[in-house]
Structure formats: C-alpha cells, structure tokens
Protein chains: 2
Amino acid sequence: MGSEHPSETGMDRLSLNDDDKKVRDWLANEAKTLGCSVTVDQMGNMFIVRKGKSTKENVAPVMIGSHLDTQPTGGRYDGILGVMAGLEALRTLHDANHETEGPVGLINWTNEEGARFPLVTVASSVWAGLASLEMAWNCTEITAPALDVDGPQNMKQELQRIGYMGEVEASYKAIPIAAHFELHIEQGPILEREDRKIGVVTGSQACHWFEIEVRGRDSHAGTTPMEARMDALLASAKMIAAANAIAKSEQGLITTGRFKALPGSVNTIAHTVQFTLDIRHVRDEVVASMVEQCRRKFEAIAKEDSELGVEVHWTTLADNAAVNFDKGCIQAIESAATESCGNSNAWRHMTSGATHDSCNVSRRCPTAMIFTPTKDGLSHTPVEYCKPEDCILGAQVLLGAVLRYDAARTDLA
Amino acid sequence: MGSEHPSETGMDRLSLNDDDKKVRDWLANEAKTLGCSVTVDQMGNMFIVRKGKSTKENVAPVMIGSHLDTQPTGGRYDGILGVMAGLEALRTLHDANHETEGPVGLINWTNEEGARFPLVTVASSVWAGLASLEMAWNCTEITAPALDVDGPQNMKQELQRIGYMGEVEASYKAIPIAAHFELHIEQGPILEREDRKIGVVTGSQACHWFEIEVRGRDSHAGTTPMEARMDALLASAKMIAAANAIAKSEQGLITTGRFKALPGSVNTIAHTVQFTLDIRHVRDEVVASMVEQCRRKFEAIAKEDSELGVEVHWTTLADNAAVNFDKGCIQAIESAATESCGNSNAWRHMTSGATHDSCNVSRRCPTAMIFTPTKDGLSHTPVEYCKPEDCILGAQVLLGAVLRYDAARTDLA
C-alpha cells in the first residue's frame with residue numbers, strides 16, 4: 001500500500017456505530033455456521049461458545065476474548081487480531097471435529113477503546129463488577145457525527161439502536177468464565193527490536209487518567225503585559241512539558257492526548273484549558289510518585305509570571321492498578337509458545353503497556369495474554385502492522401494455550 | 001452594579017444589527033439638532049461635520065472618530081467612549097456658540113471589532129484604500145443569530161437592510177480629513193498601575209499573526225516508549241513555553257489563544273497540532289527578531305527526544321507593521337493634557353497594544369490617540385470600566401487637542 005494512501009490500511013469502526021453492527025452481525029453468523037451458541041449481554045458483549053465433552057451442567061467455558069471496535073484513525077490489528085484468531089481457533093476445532101474437555105469460546109468485548117464512549121474497557125468492567133451498568137449505559141459519546149441531528153447518544157441508546165442490547169446481565173455471575181486468553185499486537189517496539197516472535201504477558205502497567213482544568217482570565221493579547229496575565233494556555237503548555245520531564249526521570253510514561261482552550265480566539269488570552277494526563281508505570285508506587293510530582297510542579301507553575309493565580313483542578317478519569325496475570329494461564333502460553341516457535345528463545349515475558357479487557361477479566365478468572373510483534377511499535381494509526389506469519393504464529397500459540405488449559409481442567413468431572 | 005449581574009454592565013451591539021441601526025439613527029438625529037451635516041459612505045461610515053469660519057470651498061474637517069459596535073460580550077467603553085466624547089465636544093461647541101477655524105466633526109466607523117464580520121477595522125481600511133470595497137461587502141457574518149432563517153448575511157446585505165448603505169464612495173479621496181483624533185480606553189493596566197489619567201498615544205505596536213502546524217505521528221500512549229515518540233502535542237507545548245520566554249527576553253508580547261490537537265484521544269499521542277502565535281512589539285525589527293528566534297527554537301525542539309522528526313509549518317494570518325502617529329497631533333494632545341490635568345505628570349506617552357481605526361486613518365492624514373485608564377486593564381468583557389471622572393477628563397483633552405490643532409491650521413486661507 002503506497003504511503004500516499006495511508007487511510008486505506010486503517011479502520012474507523014467506532015463502538016456501536018453502523019460498521020460495528022455490520023461486523024457483529026457477521027461474527028454472529030460465522031459462529032452459528034460453526035455450531036456455536038451466541039449470547040449477548042446488556043452491555044452488548046458477545047459470548048460465542050462451542051460445546052465440549054463434559055456433560056456436567058453449567059460448566060464455564062475457557063474463553064478467547066478481544067474487541068472489534070477501533071480508534072477513529074485506528075489500524076487493522078488492535079483487538080481485531082485477537083477476535084479473528086479466536087474465530088480461526090473455533091474454525092480449526094470445527095474442521096478437525098475436535099472435542100475439547102470443557103466448552104471453549106470467543107468473546108467480543110464492547111467499546112474497549114473508549115474512543116467513542118470515553119470509558120476504556122467499560123463493558124468488561126461491568127462484566128467484572130468493577131463498574132455499574134447504569135454508569136456505562138449513561139456514558140455519552142464524545143465524537144458525534146457532524147450531521148447527527150439527534151445530537152450525542154449514550155451507550156444504552158446506541159446498543160438499542162443497533163440491536164445489541166442483550167437480555168442477560170453483564171456479570172461474571174450470570175456468565176461465568178473458566179479462563180480468559182487474549183492475543184494482541186504488542187503496540188510497542190520491544191519484540192521487533194529483539195527479533196522475538198511472541199510475548200508471554202505476565203501483567204499490565206498501572207494506568208491513571210486525569211483531566212486537568214486550568215482556569216485563568218481572558219484578556220486582550222495586545223494590551224495585557226506579560227506580567228499582568230493569567231494565561232491558562234501558557235500555564236498548561238508548561239505543565240505538559242514539566243510532566244514529560246517527570247516521566248523521563250522516573251522511566252515511566254506520561255502523555256497528553258486531548259487539549260481544549262477557551263474561548264479560542266487568536267488575540268484573546270485563554271481563560272480556561274482542559275487537558276488530559278495518561279500516567280503509566282509497571283509499579284503502582286511509581287505512578288503515585290509521578291502524580292504527586294506533577295501536582296507539586298503544576299502548583300509551582302501556577303505561581304509563575306504570566307500565569308500568576310491560575311487555578312488547577314484535577315479530575316480522575318480512570319484509575320487502574322498494576323495487574324498480575326494467572327500463573328496457570330501463563331504456563332499454558334509458555335508451553336504452547338516453545339512448541340510453536342520451535343525454541344524458548346523466540347519468546348519472552350513482558351508487561352503490557354496498554355490496558356486491555358483481560359486486565360478487568362483477570363479479577364474474576366484466571367487470565368493471561370499473548371503479544372505479537374508490531375512494526376516500529378506503532379498502533380492506533382493506519383500504518384499499524386503485524387506480519388502475516390507473526391499473526392499465524394500468535395494464533396497457533398493462542399489455540400495451543402487454550403487446549404493445554406482445557407486439557408488440564410479438574411473441574412469437569 | 002452587583003457582581004451577580006455582570007451582563008447588566010455589558011453590551012452586545014454587533015455591527016449592523018438592529019441595535020446598531022437604532023444607535024446610528026439616534027446619533028444622526030443628535031447631530032442634526034446641533035446643526036451638523038451627516039454623510040454616510042458605502043461602508044456605512046458616518047461623517048458628522050460642523051462648519052467652521054473658513055469660507056474656502058472643500059476644506060477638510062478635523063475629525064474625532066471611533067466606533068459604536070461591540071464584541072458579543074463587550075463592555076460599555078470600548079469605542080463608545082470615543083464617539084460619545086466626540087458628540088459631547090460638538091455639543092459643547094454648539095452650546096458655547098464657538099466658531100472653529102475650519103470644520104470639525106465626528107466619525108462612527110463601521111465594524112471596528114470584526115466580531116460579527118471577521119475583518120477588524122475593515123471600514124476604515126476601505127476608506128484608507130488599504131482594502132477593497134468588494135472584499136468588505138462580501139465579508140460574511142460569523143455569528144448569525146440562531147433563529148435567523150435567512151442564514152448568514154454579508155456586510156452589503158446588512159448595510160442595505162438597516163438603511164446605512166450610503167452613496168458616497170468610502171475613500172479618503174471622496175471624503176478627505178484634515179486630521180483624526182480618537183479617544184479610547186487603554187484596555188491595559190499601565191495607566192491605572194502608575195496612577196496616571198491620560199495616555200498620549202504615539203503609535204501602535206507591530207502585530208503579526210501565525211498559525212503553526214506541528215505534524216508528528218499518532219501512536220499508543222501506553223506502549224510507545226518516550227524515546228520512540230513523535231509527539232506533536234508535547235512539541236507544541238514546549239514551543240509555546242519557549243515563545244513565551246523569547247517574548248519576555250525581548251520585552252515583547254507573544255500569545256497563543258487557539259490550540260487544536262488531533263485526533264484528540266486520551267491514550268493516543270497527537271499526530272497533528274495547530275496553534276496560533278500573536279506576536280507584538282512597538283518596533284518592527286524586534287517583531288522580526290522574535291519571529292526568527294521562534295523559528296530557530298521550534299526547529300530545535302523538533303529534534304528533541306520525544307518529538308524527534310515532527311515537522312513545523314508556519315502560515316501567516318496577519319502582518320501589520322508598527323504605526324507612528326503624527327507629531328503635530330501628538331503635540332496638540334500633550335498640550336491639552338497638561339492643561340486639563342493641571343500638570344504634565346498626570347499623563348504619559350504610550351504605544352497602543354491593540355489595533356484601532358486610527359491605525360488605518362493615519363496612513364492618509366495626521367492622526368493620534370488618547371487613552372483613559374481601564375480598571376484592572378480588562379476589556380472585551382462586561383466588567384470593562386473607566387471611572388466617570390476619567391471619561392470626563394479624556395473628553396476634555398480630546399476637545400482641547402482638536403481646538404489646538406484647528407487653531408494652528410495654515411491651509412484655510
């Protein structure tokens with residue numbers, strides 16, 4: 001694909017839009033042709049299950065899960081690879097007429113990205129009992145189409161509109177899972193840089209999101225001396241640069257992705273700015289320290305020359321502690337990876353930099369993840385890329401891990 | 001007025017709306033009761049003239065000029081003070097039955113604010129031959145009333161609708177002026193801070209507007225190491241902080257009022273940021289130097305760690321050279337100020353931070369301005385305030401300057 005057509009390799013499938021409905025309908029249909037059941041819960045999560053040998057009633061399935069929604073300028077692998085590999089696993093079992101011990105299946109989690117409805121992994125959070133159904137249903141989209149005469153919609157309205165408001169409660173109690181495996185692109189450069197094929201993911205970074213509101217005073221850009229300003233935009237710019245320096249000194253990650261300035265006129269000093277901070281580290285205590293350093297530094301900036309007296313308000317948008325995945329799931333992946341790769345040097349242990357539905361699910365059942373290499377470490381962009389042979393290897397490790405975990409179940413008798 | 005009713009002290013008289021028609025009709029009527037002629041040109045500029053002693057034909061008048069339109073959330077002084085003080089000057093001459101040497105008058109310039117039709121001081125620009133009549137007439141409003149079923153109107157349509165499309169060409173050739181004096185609130189804090197009553201304005205700052213577009217690469221905030229990023233937002237934040245430092249070192253003004261980040265997602269590094277720079281100084285060469293320093297510094301930032309390789313593109317939005325007012329007009333104001341204030345310490349020389357119609361007019365006739373103190377330096381807001389006694393003093397200085405200039409005319413014989 002020529003670089004002059006970057007969007008041709010990208011996806012813009014925002015959660016619960018018309019394209020999301022289309023791919024959900026397609027997935028449900030594929031599942032049915034493989035003889036699987038399809039259950040949709042009240043958050044639109046799709047649970048596809050293939051029966052196993054066990055005749056015991058209400059046996060929880062070993063599930064493969066990921067998501068089909070994307071960022072507005074997303075790629076073709078983030079989430080999608082995991083669902084497609086899961087579907088391929090079910091196809092492989094079907095074509096081979098292979099009977100697993102217990103049931104095995106596939107989950108498509110709703111709104112993982114949080115790009116349209118600004119709550120990341122909200123539907124798996126509700127399933128895991130970490131967020132309330134009401135709160136999730138009331139979450140209003142931030143990216144309403146320009147021509148949408150009805151104005152912004154909330155998740156409940158959009159679940160109903162596209163026909164994916166299921167009747168089953170979105171809960172680990174109503175829909176129990178025996179174990180959860182997720183295949184995902186690394187979205188970072190480490191595997192590529194070390195020339196390895198598989199990441200065995202042992203846990204996830206802590207990730208805190210904040211919205212910072214800086215309130216100053218609007219005045220005329222031509223007549224207000226520098227020392228008489230309460231410039232909310234200048235203060236915010238300095239805060240973002242300072243947060244970056246703090247992240248580097250702690251070997252953590254701090255990112256500002258959203259920034260809004262009011263009133264937004266060339267010759268008027270901004271009275272209000274809202275910007276986000278995404279703060280991550282593998283250790284909870286380092287995240288806490290970076291937050292504290294930012295708070296102190298921002299207050300100091302608010303006392304500087306052209307910003308004297310601006311007010312800084314912090315709102316927590318998300319607050320995810322570091323996650324440690326299940327040893328049994330990790331071992332199943334290690335074993336499958338060594339076999340599929342031919343040797344144990346082709347894979348390594350890793351910590352996930354991003355949040356995934358697996359982080360929520362791991363609170364309620366044994367969980368682990370598998371990473372595949374990502375070209376230049378780039379994700380959330382149309383140039384996101386994972387070689388076909390790496391996708392295949394990842395899917396093999398995924399199925400291998402599921403079969404190992406299934407074979408070792410002791411809860412089916 | 002209680003602070004719980006801030007809008008009660010404000011004005012929302014957008015150019016050429018129904019309220020603007022009312023105040024224009026009122027002004028024309030007041031002028032006629034004083035025996036003055038009223039001429040309206042093709043831009044709706046109103047020229048009110050009171051005859052002088054001179055019997056010579058086609059003698060150009062000494063004019064007082066300002067504007068009656070306001071920002072949508074404007075105050076009661078910006079522009080209005082200058083026109084009201086001019087009317088009061090004509091009333092004083094009328095009541096005293098005083099004959100000036102040449103004719104003396106008052107101008108109400110159309111759409112000074114550029115708030116409704118987004119071209120600041122456009123009507124005086126057309127009069128001065130700096131902008132074309134066609135361009136001005138075709139300028140479309142940006143703030144159409146929500147219930148306006150006819151959609152946005154242009155200046156020509158609105159001039160016709162309210163009956164202020166005159167027949168005389170809007171030109172310094174068709175309507176020559178001998179000199180132009182403007183009384184205006186300072187819109188800055190200097191006079192108040194120094195406890196002075198009058199600013200004798202010797203010119204206007206150079207003002208350059210740029211839009212900077214920074215192009216990086218979007219990627220995942222949780223998985224992209226700091227050193228592998230092309231973070232357009234972080235780079236922009238550093239650039240804004242750096243521009244501020246450059247402004248301070250040069251004792252100039254640099255402001256960023258507009259800032260837009262794409263794609264605008266919490267956990268995606270921004271691929272594109274657009275922000276504005278408003279760069280001002282009284283000396284053109286210092287503005288040029290600040291622009292050059294910003295260019296060099298921005299290129300250096302584009303080579304730093306987390307921004308390596310971002311591209312920086314500059315677009316010029318406006319480019320106004322510094323203006324130096326007329327020595328004769330300035331001397332007339334100095335003399336009047338010393339007399340009205342009782343001593344020469346109550347006034348000081350100043351440079352205007354904002355653009356005014358006088359900046360355009362000064363290209364075609366001797367011009368200078370008078371400033372009055374502004375509470376807390378605040379303008380373009382309902383809390384804009386100038387004490388009644390300061391307004392009166394300003395009006396006295398205005399009339400005194402006009403009479404001095406008129407008395408010294410040598411072109412009337």
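Mean separation of Cα pairs under 8 Å and 6 or more residues apart, divided by the residue count, gives chain B a relative contact order of 23 percent. Computed about the Cα centre, the dipole magnitude for the range B:206-320 is approximately 180 debye when only Lys and Arg (+1) and Asp and Glu (-1) carry charge, each at its Cβ. How large is log10 of I(q)/I(0) for the range B:268-356 at q = 0.12, 0.17 Å⁻¹ when the intensity is taken from the Debye formula with one equal scatterer per alpha-carbon? Taken in order of the listed q values, log10 I(q)/I(0) reads -0.61, -0.87.
Comment: the Cα-to-Cβ extended label point of A:K327, at 7 Å, lies 9.3 nm from its counterparts in the other copies, nearest first. The range A:156-179 and the range B:173-196 have Cα centres spaced 68 Å apart.
Among the residues of A:274-281, the average count of other protein chain beta-carbon atoms within 10 Å of the residue beta-carbon is 3. Farthest towards the positive end of the charge dipole of the range B:206-320, among the residues B:G257, B:I246, B:L317, is the Cα of B:G257, using unit charges on the Cβ of Lys, Arg, Asp and Glu. Note on the protein assembly as shown: Cα-Cα pairs beyond 52 Å make up 32% of the total pair count.
Ranked by the mean number of other Cβ atoms within 10 Å of their residues, highest first, the peptides A:308-314, B:222-228, A:16-22, A:125-131 fall in the order A:125-131, B:222-228, A:16-22, A:308-314.
Pairs of alpha-carbon atoms within less than 8 angstrom and 6+ residues apart define the contacts here; what relative contact order does the range B:206-320 have, in percent?
Working: 248 pairs, mean separation 52.3, N = 115.
RCO, the range B:206-320: 45 percent.
Just add up the charged neighbours of B:L34: K/R +1, D/E -1, any other residue whose Cβ is under 13 Å from the Cβ of B:L34. Within the 13 Å Cβ shell, the charges total +1. The sum of -39500 (n - 2.57) across all DSSP H runs of n ≥ 4, divided by the residue count of the protein assembly as shown, sets its helix-only mean residue ellipticity at 222 nm to -10000 deg cm²/dmol. Remark: mean inter-chain Cβ contacts per residue of B:374-386 equal 3, using a 10 Å Cβ-Cβ cutoff to other protein chain atoms.
Running Debye on the range B:319-409 with equal point scatterers at the Cα sites and no solvent, what base-10 log of I(q)/I(0) appears at q = 0.14, 0.25 Å⁻¹? Here log10 of I(q) over I(0) equals -0.56, -1.36. Under 11 Å from a point placed 7 Å out from the Cα of A:E227 along the Cα-to-Cβ direction: which residues of the range B:229-270 have their backbone N that close? What the label zone holds, given the 11 Å backbone N cut-off, is no residue at all.
In the range B:10-155, taking the dipole from charged Cβ atoms about the Cα centre, the farthest positive-side position among B:G35, B:I142, B:G86 is held by B:G35.
Placing +1 on the Cβ of every Lys and Arg and -1 on the Cβ of every Asp and Glu, with no other charges, gives the protein assembly as shown a dipole of roughly 640 debye about its Cα centre. The radius of gyration of the Cα set in the range A:361-412, together with its Dmax, comes out at 14.8, 45 angstrom.
Over all residues in A:229-235, what is the mean tally of Cβ atoms on other chains that come within 10 Å of each residue's Cβ?
On the way: counts 4, 0, 5, 0, 9, 9, 1.
The shielding value for this peptide is 4.
Note on the range A:1-153: Rg/Rh from Cα positions, Kirkwood definition for Rh, rounded to two decimals, is 1.02. Within straight-line reach of A:K32, meaning a Cα separation under 15 Å, sit the following aspartates and glutamates at least 8 residues removed in sequence or on another chain: A:E88, A:D95. Between A:N111, A:P366, A:C294, the Cα set farthest toward the positive side of the dipole of chain A (charges on each charged residue's Cβ, about the Cα centre) is that of A:P366. Which of the pairs A:K238/B:K375; A:K21/A:K156; A:K387/B:K238; A:K56/A:K156; A:K260/B:K238; A:K21/A:K260 have their Cα atoms more than 26 Å apart in this structure? Exceeds cut-off: A:K238/B:K375; A:K387/B:K238; A:K56/A:K156; A:K21/A:K260. Neighbours of B:I175 by Cβ distance under 9 Å: Lys/Arg scored +1, Asp/Glu scored -1, total -1. The mean of 1/r over all distinct Cα pairs in the range B:111-263, once inverted, gives the Kirkwood hydrodynamic radius of 20.7 Å. Dipole size of chain A about its Cα centre, with +1 on Lys/Arg Cβ and -1 on Asp/Glu Cβ: approximately 600 debye, rounded to the nearest 20. The range B:213-260 has equivalent-ellipsoid semi-axes of 28, 11, 7 Å, by the square roots of 5 times the alpha carbon gyration tensor eigenvalues, sorted largest first. Based on the Kirkwood approach, the hydrodynamic radius assigned to chain A is 22.7 Å, with every pair of different Cα atoms included. Note that the range B:206-320 carries a Kirkwood radius of 14.3 Å, evaluated over its alpha carbons pair by pair. Note on the range A:67-155: percent of Cα-Cα distances in each 10 Å bin, starting at 0 and stopping at the bin with the largest distance, equals 15, 34, 29, 16, 5, 0.
Of all DSSP-defined beta bridges confined to the protein assembly as shown, some 65% are antiparallel rather than parallel.
Size check on the range B:191-233: the Cα extents along the three principal axes, sorted descending, read 60, 22, 13 Å. In terms of overall dimensions, the range A:244-302 has a Cα radius of gyration and Dmax of 14.0, 44 angstrom.
Laboratory data are not the source of any read-out in this text; all were calculated from the coordinates shown. Values in this document were obtained by computation on a predicted structure and should not be read as measured data. Neighbour counts are summed over all protein chains in view; Cβ atoms, including those assigned to glycine, are modelled from backbone coordinates with ideal geometry.
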